[in-house]
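Working notes for the structure below.
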Amino acid sequence: MDKTQLLGSVAAIGLLSAGMAGAETVNVFNWSDYITDEVLEQFTEETGITVNYDVYDSNDTLEARLLAGSSGFDVVVPTATFLQRQIAAGVYQPLNRDLLPNWENMDPELMAAAANHDPDNEHATIYMWGTTGIGYNIDMVAERLGEDFEVDTWDMIFDPEIAGQLADCGISWLDSPADMFPAAFAWMGLDPQSTDPDDFEAAAEMMSGVRDTVRYFHSSQYISDLANGETCVAVGWSGDVLQAADRAAEAGQGVNVWYAIPREGAMQWFDMLGIPVDAPNPENAHAFIDFIMRPEISAAITNYVWFPNANAASWEMVEEEIFNDPAIFPTEEVSETLFTGVTYDSRTDRTVTRLWTRVRTGQ
């Protein structure tokens with residue numbers, strides 16, 4: 001995700017404005033490159049509420065700010081697995097449905113899936129959702145693995161022989177153990193939702209065995225690198241990779257990028273809109289969330305970021321090439337291979353952190 005570009009483009013509407021609190025402001029902390037400038041401008045034009053907008057590129061960054069308290073943010077966008085444990089820590093206030101008339105637009109099945117992390121969707125609604133899979137440079141991969149190689153497999157990064165053939169053109173992994181360990185489990189034939197310490201040890205050993213094929217670990221740099229042809233394979237989030245594909249096509253430099261959902265199984269995740277318990281402007285926060293749930297607004301965001309939304313009323317407004325692309329809105333057959341993440345308890349979290357540090361550092 002190109003944070004520098006996004007920060008510059010929205011500064012005019014209050015990104016760096018002074019005074020986080022105020023009756024006519026809403027302070028939003030979201031993933032980088034995950035909304036359109038026009039949506040923020042339209043919200044301000046219609047409501048008179050200025051959007052102070054800041055960005056991050058990892059759930060850990062958001063969680064640290066929230067758990068420290070007094071973050072000053074009104075609306076945040078955690079992934080559902082992180083939302084679940086943050087709810088338990090008392091981080092969020094319940095949503096006032098009376099202030100959210102557009103709630104009725106949300107797809108019941110997707111909201112029910114998100115409710116596994118937030119019973120009755122009491123504290124949050126879905127912003128966008130997607131899958132964790134593989135972004136790849138079509139030509140570079142074909143040159144090394146052959147035209148007939150089927151790219152919809154975690155072999156691309158976990159099989160030493162295959163990853164070794166791709167290492168020279170650049171492989172990147174997400175700096176996100178919550179995504180990488182379940183992917184490793186799926187490839188190894190283990191339960192992707194496992195919390196067994198032995199499974200984590202085995203996965204860490206496997207990933208350490210291919211660590212030398214990984215150029216870097218990062219959760220946003222891969223977008224620009226794929227688009228520019230600097231890397232050829234990236235573990236990434238679906239919409240991010242497809243944005244890279246769009247940027248590459250617009251640049252017209254002959255870089256061809258696309259996204260694959262691994263057939264061994266891939267994570268389906270939900271990014272949620274929630275309001276911290278100490279939000280300075282909770283009514284403005286509700287107004288912002290309700291605005292996002294308007295069908296034409298959800299559609300506009302999906303058409304820009306290429307992530308699927310959960311707003312069923314918006315789907316007819318989503319560009320046909322996006323809505324009908326199974327890499328974005330998975331087919332029923334592919335959906336059966338998807339799994340959701342789990343929220344780790346403190347002991348498992350410590351294990352994951354320790355082992356991920358070992359994988360990242362190669363020590």
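The values are calculated or read from the model by the stated rules, or taken from the named source; none is laboratory data. Please read these numbers as outputs of a predicted model, since none were measured by experiment. Cβ sites come from the backbone with ideal geometry, for glycine too, and all protein chains shown count toward neighbours.
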Conditions (1) over 23 Å from ASN311 (Cβ atoms); (2) out of contact with any Ser or Thr (no Cβ under 7 Å at 6 or more places or on another chain); (3) not in a helix (DSSP H, G or I): number failed by TYR53: (1)
Complete set of residues in segment 216-244 that are crowded, with 24+ Cβ neighbours inside 10 Å, in a helix (DSSP H, G or I) and not charged (D, E, K, R): TYR222, ILE223, LEU226, ALA227, SER238, GLY239, VAL241, LEU242, GLN243, ALA244
Pair list, Cβ < 8 Å and 6+ apart or interchain, from segment 103-115 residues that are not assigned by TED's automatic domain parsing to the domain that holds THR79 to residues that are of a type in the set (Phe, Trp, Tyr): none
Selection from segment 59-77 of residues that are part of a loop (DSSP other than H, G, I, E, B), surrounded by fewer than 22 Cβ atoms within 10 Å (Cβ to Cβ) and in contact with a helix residue (DSSP H, G or I) (Cβ under 7 Å, 6 or more places away or on another chain): SER71
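For (1) of a type outside the set (Asp, Glu); (2) at pLDDT 95 or above; (3) in contact with a Cys (Cβ under 9 Å, 6 or more places away or on another chain), each residue gets a yes or a no:
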| position | (1), (2), (3) |
| --- | --- |
| VAL76 | yes, yes, no |
| GLN86 | yes, yes, no |
| GLY90 | yes, yes, no |
| PRO101 | yes, yes, no |
| ASP118 | no, yes, no |
| HIS123 | yes, yes, no |
| GLY133 | yes, yes, no |
| TYR136 | yes, yes, yes |
Matching residues in segment 136-154 - criterion: being part of a loop (DSSP other than H, G, I, E, B) and not polar (S, T, N, Q): GLY146, GLU147, ASP148, PHE149, GLU150, VAL151, ASP152, TRP154
